[in-house]
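For reference, the structure discussed in these notes is given below.
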Amino acid sequence: MGLAMNMRSDLPQLLVKAGLTILEEEGAEGLTLRRIAARAGVSHAAPAHHFGGLTGLKNAIATQGFQAFYGDLVAAQDSLPGDADPFQRLLTVNLAYIRFARRHPALFRLMFEQWPTQDDDLRMTAQATYVVLHQCCTPLVQDRKRAPFETAIWAMTHGFAMLNLDQPYPPGSPVQMPSYEEALRLLVG
C-alpha cells in the first residue's frame, strides 16, 4: 500500500517530468495527454485526472520552468559581490535570462505562452522572476519613471532572448550576444 500511495502522490510530478522531456525532445507539438501518459508509463486518463486537461498540465510544466528560470536569475544575481556595480548586476542577470532561453527554447516559449492564465501558481512563480528584474533595475531608475524603464529593459531582454532562441545569426548581425551589453547601455544611459 505504501508504494502505491507514494506512486499516486508522485504521479503529477512524474507527468510534468514526462512533459518536460517530450518538450525538450520534440517541442510543444509533441505535448499531448496520451504521449505524456505513455512517456510516464501511466493510463492515458491520468493527466486529465490530475491536471484537468492539457492546459492544466502545460501550466504545471510552465510553472516548473519558471521555477528553474527564477533559480538561474537568482544564482546569477548571487554570483556577484554585494557591492557590485548596478549596471553589472543588471547585465549579469539579463544574460542569465537570455542563456536560459537559449538552453531551453521550447520550454521558454511554453512558459510565456502559458503565463496569461488564471492559474495562481503559474502567475505567482512568473511574477517572482519579474521581481528579480525589478530589483536589478531599481538602482538605475534615477529620475526616470520606474514602470516604463523596467518595461523597456524587460522588452529588450525578452526580445533579444527570443531572437537568439534557435537560429545562429551570421557574423556581424546586430543580435549577437556581445551586442546585448551595448544595447543595454543605450537604454540605461
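See the values below:
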quantity: Cross-chain or 6+ apart pairs with Cβ under 7 Å, region 74-98 first and in the same structural domain as residue 153 (by TED's automatic domain parsing), then modelled with pLDDT under 95 and assigned to a loop (DSSP other than H, G, I, E, B); calculated: 98/164
quantity: Options 104, 158: the member that is out of contact with any helix residue (DSSP H, G or I) (no Cβ under 6 Å at 6 or more places or on another chain), in contact (Cβ under 8 Å) with a residue 12 or more places away in the chain, outside the structural domain of residue 36 (by TED's automatic domain parsing) and crowded, with 20+ Cβ neighbours inside 10 Å; calculated: 104
quantity: Criterion (under 25 Å from residue 64 (Cα atoms), surrounded by fewer than 18 Cβ atoms within 10 Å (Cβ to Cβ) and at pLDDT below 95) met by exactly one of 143, 120; calculated: 120
quantity: Selected residue [loosely packed, with under 14 Cβ neighbours inside 10 Å and modelled with pLDDT of 95 or more] from 71, 41; calculated: 71
quantity: Qualifying residues in region 1-19 (those that are of a type in the set (A, V, I, L, M), modelled with pLDDT under 95 and over 16 Å from residue 43 (Cβ atoms)) - the one farthest from the chain's Cα centre (by Cα); calculated: 1
quantity: Hey, residue 27 under 24 Å from the mean Cα position of the chain (by Cα) and modelled with pLDDT under 95 or not; calculated: yes
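The values are calculated or read from the model by the stated rules, or taken from the named source; none is laboratory data. Note that the structure is predicted; figures quoted are calculated from it, not measured. Note that we place each Cβ from the backbone using ideal geometry, even for glycine, and neighbour counts take in every protein chain shown.
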